[in-house]
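Read the figures in this text as sums done on the coordinates, not as results from a lab. In this text, all values refer to a predicted model and were calculated from it rather than measured experimentally. A quick note on method: Cβ atoms are made from the backbone with ideal geometry, for glycine too, and the neighbour counts reach across all protein chains shown.
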Ligand code: SAH
């Protein structure tokens, strides 16, 4: 018998461009319903974003998988996530790298996500209440930076805090009506280049 999360990985993720077996395995092993408010749980395995508290959303599973794949986390990496939300993306990242620092602007969301992650036994995730557009200097430079909200322009501190060889995955564009451009920025020494992945719809990166 397979679990709903295992079926999600095989039926919804693998056929849509998620080729990294580690990501498929990790997402098959994490029950997404645990990150949802009770009335949303029955929708946990529909491949779409869902409402959580504070008017925010948990990202669509396929987008979580493809962003994680673009960030290419390695077992020794430290990853920074901006926009903890439910904590689901942080949970996925945490099984693929050494440590995750995840920043959330809304204290209530940070507290809730932190409790969920603790209850589920994730021990290598640090949840911080702060403005993620400033990055997180204490842990810098970061091998992976994954931004789960849309920025009109890439915040300079995030580019500055990206390690040599590091990857920054971020939706860029106006957050309201128009889809944003999901980009992956890569640093090689002093040079930073990006490529566009696909259009996405994220809630806006707000400033604290
Ligand atoms: N990764 C989340 C989805 C996050 S939705 C998940 O897996 O559930 C985007 C989140 O970014 C929201 O919770 C929002 O409050 C937060 N956010 C918006 N602007 C922010 C900022 N400047 N710093 C930190 N978090 C921010």
(request) Would you mind calculating the gained length between residue 54 and residue 111 on full extension (0.36 nm times residue separation, minus the Cα-Cα distance), in nm to one decimal? (result) 19.3 nm
(message) Counting each pair of different Cα atoms once, what's the Kirkwood radius of segment 1-72 in Å, rounded to one decimal?
(response) 12.4 Å
(request) Provide, for q = 0.16 Å⁻¹, the log10 of I(q)/I(0) from a solvent-free Debye sum over equal Cα point scatterers in segment 4-200. (result) -1.00
(request) With a/c under 1.5 counting as rounded, go ahead and sort segment 37-128 into rounded, prolate or oblate using the C-alpha gyration tensor (a ≥ b ≥ c being the square roots of the eigenvalues; past the cut-off, prolate if a/b is larger than b/c, else oblate). (result) oblate
(request) Along Cα→Cβ, 7 Å out, is where each label goes; now give me the distance between the ones at residue 193 and residue 41 in nm to one decimal. (result) 4.8 nm
(message) What distance in nm separates the two pseudo spin-label positions at residue 163 and residue 16, each 7 Å out from Cα along the beta-carbon direction?
(response) 3.0 nm
(request) Quickly work out the residue 153-to-residue 33 label distance, labels modelled 7 Å from Cα along the C-beta direction, and quote it in nm with one decimal. (result) 4.6 nm
